[in-house]
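Take a look at the structure set out below.
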Amino acid sequence: MTKASGTKDHNHLFRIMTMDGGGIYGLYTVLLLKQLCTSNPSFLKDGCVDLFAGTSAGGLNALLLAKYEDPREAIESGEMERFYAEQDIFANKNPLNLFMSNMGLRPYLGTEEYMSVLKKYFGDLTLGDLKQHVLITMFNWAGSDADGKHRKWKPKLFENYDANDPDCNLLVRDVAFASTTPTFLRAIWSGGNDGGIFAPNPTMCAVTKVIREIFKAETQDKIPARANQDWYKMAYALFNQDYNQETFGKSSVLNHISVFSLGVGNTYPYMDVGTEEWGMLQWMMGIWNPAIRQWVMPMNRMQFEPSIEAVNYQAAELLNRDYDIVLGDGKIDTYYQSKGYHRLSPEVLPISMGIANMALRNNPIFFQYLTGEIYKAAGNTESTRQLKDAYDWLKAEKWFIPETWMRDLI
């Protein structure tokens, strides 16, 4: 194991914040971010995060943060909390639509009601108008390819890094709607469906985006020849200016990516089973789970939760580094193992997100109850403990420096 000297390695991190989906449970993520902002005055300052990536409600959070030159304003102004206080997000007020949805012939939640909220918060902003870089996941049912033939459904990632990218002309409200459309709960928008279908935790999407942008073009003298200018500068600063001794490769890029991943507080159950010959009925009905005091229906939870755990495993294996870093300004204090991936997701909300979001429709009493429970959960013992761990990691990874290494070096 080698020891990094001073703060050299910290200043060469590309910082990515990723946020899971979860409907109303996206408020829990907001409250965790709020507490971190209170704990440190530079957290989420302009330049603290190089890329905000989100799925579903996490995408909404990313877009709300990206509206601001200083993303802290989205938290400190209370805008993100006000967004989740909008009950029209979960309304279906049109009697005909409500009746048809109960018959299974229309979306469970109203389209006009939700779009009215998105217009209120995003207006006519385009992705290109946003002040921060974003990556938003969606699943494209319509599909497309370069020649318009051989179409098939596939993932879609909205981004605003390259000003010439057609995505930059898209209205933020359309992107927000299209990427937050759980199956049958909301209308398909612009051919799109909720990104949670393939990436409930968007970490690997964001990491592979960084790698793809650096290596998508032919290289010349170890530097991408025709890469997007921002990514070219990052590669230049990393490997030409300060890191001539390193081989320009994907593994060395991974050593300079730092990912802070936030979940939504949903409790993951366990099933006390050994070798079981289950049939369809058992998979659909499941077994009683004492930890969350409810029946666990595996088929109901398989869409998101195993995928999230898989991404956590992959990200930790790829991004956790094999050297230590030194805390302090040139003073050797305590050594911490340098981990490029940290997951903040206390499991504190026992009602499954699917049930919770469905029960919110036209239900102000449950809405007030559930949001109250989310506020309490964000301040309970488990959340506080994991917030402290996250704070220590953020400090070690130098996330509290207002400017990014890229802006310092170039």
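Annotations for the structure displayed:
- Filter pass, residue 22 being buried (at least 23 other Cβ atoms within 10 Å of the Cβ), under 13 Å from the mean Cα position of the chain (by Cα), at pLDDT below 95 and of a type in the set (Gly, Ala, Ser): yes
- Test set (1) crowded, with 18+ Cβ neighbours inside 10 Å; (2) more than 17 Å from the chain's Cα centre (by Cα) - residue 203 fails condition number: (2)
- Each residue in region 45-69 was checked for being closer than 27 Å to residue 353 by Cα, assigned to a loop (DSSP other than H, G, I, E, B) and either aliphatic (A, V, I, L, M) or open to solvent by less than 10 Å² (accessible area, probe 1.4 Å) (or both), and 1 of them qualify.
- Looking only at region 250-279, and only at residues there that are surrounded by fewer than 21 Cβ atoms within 10 Å (Cβ to Cβ) and of a type in the set (A, V, I, L, M, F, W, C), the one that is farthest from the chain's Cα centre (by Cα): 278
- The set of residues in region 62-103 that are of a type outside the set (S, T, N, Q), over 27 Å from residue 158 (Cα atoms) and without any contact (Cβ under 8 Å) to a residue 24 or more places away in the chain comprises 95, 96, 99, 100, 103.
- Verdict on residue 235 being at pLDDT below 80 and either of a type in the set (Gly, Ala, Ser) or assigned to a loop (DSSP other than H, G, I, E, B) (or both): yes
Residue by residue, here is whether (1) loosely packed, with under 14 Cβ neighbours inside 10 Å; (2) part of a helix (DSSP H, G or I); (3) out of contact with any Asp or Glu (no Cβ under 8 Å at 6 or more places or on another chain) holds:
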residue: 92; (1), (2), (3): no, no, no
residue: 98; (1), (2), (3): no, yes, yes
residue: 104; (1), (2), (3): yes, no, yes
residue: 151; (1), (2), (3): yes, no, no
residue: 155; (1), (2), (3): yes, no, yes
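- Exactly one residue among 82, 106 is within 19 Å of residue 264 (Cβ to Cβ), at pLDDT 90 or above and basic (Lys, Arg), and that residue is 82.
- Residue check: residue 268 meets all listed conditions (1) more than 24 Å from residue 317 (Cα to Cα); (2) at pLDDT below 85 but one, namely (1).
The values are calculated or read from the model by the stated rules, or taken from the named source; none is laboratory data. This one's a predicted model, so the numbers in the text were calculated from it and none came from an experiment. When we count neighbours, we look across all protein chains shown, and the Cβ atoms used for this are built from the backbone with ideal geometry, even at glycine. Accessible surface areas use protein heavy atoms only, side chains included; no ligands, DNA or RNA. Shrake-Rupley method; radii C 1.70, N 1.55, O 1.52, S 1.80 Å.
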